[in-house]
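Data first, discussion second: the structure below is written as structure tokens.
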Amino acid sequence: MARYTGPKTKKARAFGEAIYGYDKSFERKKYPPGQHGSSRRRKQRSDYAAQLMEKQKAKYTYGVLERQFRNLFEKASRKTGVTGEVLLQFLEARLDNVVFRLGIAPTRSAARQLVSHKHIVLNGVVTNVPSASLRPGDVVTVRGKSQGNQAILDSVANNASSSRKFSWIEWNGDKLEGVFLQYPTRDQIPENINEQLIVELYSK
């Protein structure tokens, strides 16, 4: 399965945000990458550049490739409601993202790996598709023989309170099981993404 495998700190610096979570290297260099990143005067971005940058930031944050992202946008645009908010809801409903939000994995890339390696069960069926789209009522469980996996246990222990931040998912630590209760509203999604710029980009 294709995915971005390049330098993550460099991408975070390009966007000016730690989009992959806390990063010690990013904290030391909060300026754009390149030889003149900290001193070079940058021209003001055009509207198109700002829109493109926001789309790229959303793509890299959620680990989605261009075609997948475009397909999600087209799906969101056919739904009733605010297109940008629906797009973010679809991104949040991806299986790898929900595994991350539940605290089963410390990052989205780690969550993607857990799903790909068949450590995760969706509605009683082992799945290895990180992009699987969840619907309200879907149940995500750590596979029986994977419940002793130390990496998973460490992540659950370190993120014991993370799933409580999100009222749209429910976590049962005893069963290592979570429920996708509903699509989150925009104010429940913590990512710093201006989805309206993405809508404007695709509406050209």
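A short reminder: the numbers here are calculations on the coordinates, not readings from a lab. Quick caveat, the model's predicted, so the values are computed rather than measured. Heads up, the Cβs are rebuilt from the backbone with ideal geometry, glycines too, and the neighbour counts pull from every protein chain shown.
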Per-residue ³J(HN,Hα) for the stretch 128-135, Karplus 6.51 cos²θ - 1.76 cosθ + 1.60, θ = phi - 60°, Hz, x for Gly and Pro: 10, 10, x, 7, 3, 9, 8, 10
Amide proton proximity set for ILE120, modelled H, under 5 Å, gap of 5+: THR127, ARG143
In order through the stretch 91-102: 3J(HN,Hα) via Karplus (6.51 cos²θ - 1.76 cosθ + 1.60), integer Hz, x for Gly, Pro: 5, 5, 7, 5, 4, 4, 5, 5, 4, 5, 4, 6
In order through the stretch 58-67: 3J(HN,Hα) via Karplus (6.51 cos²θ - 1.76 cosθ + 1.60), integer Hz, x for Gly, Pro: 5, 4, 6, 4, 8, x, 10, 7, 4, 5
Average Cα contact separation per residue, the stretch 94-182, under 8 Å, 6 or more apart, as relative contact order %: 31
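So, in the stretch 93-204, how many Lys pairs have Cα atoms under 20 Å apart, if the pair is 8 or more places apart or on different chains?
Details: LYS118/LYS145; LYS118/LYS175; LYS145/LYS175; LYS165/LYS175.
Taking the stretch 93-204 as the scope, the lysine pair count is 4.
Any chance you could list the semi-axes, whole Å, largest first, of the equivalent ellipsoid that the Cα gyration tensor gives for the stretch 157-202, using √(5λ)?
Numbers: eigenvalues 167, 27, 14 Å².
Calculated on Cα positions only, the semi-axes equal 29, 12, 8 Å.
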Kirkwood Rh, Cα atoms: Rg over Rh of the stretch 108-148: 0.94
Cβ-based charge dipole, the stretch 58-120, positive-most Cα from ILE104, ALA76, VAL115: VAL115
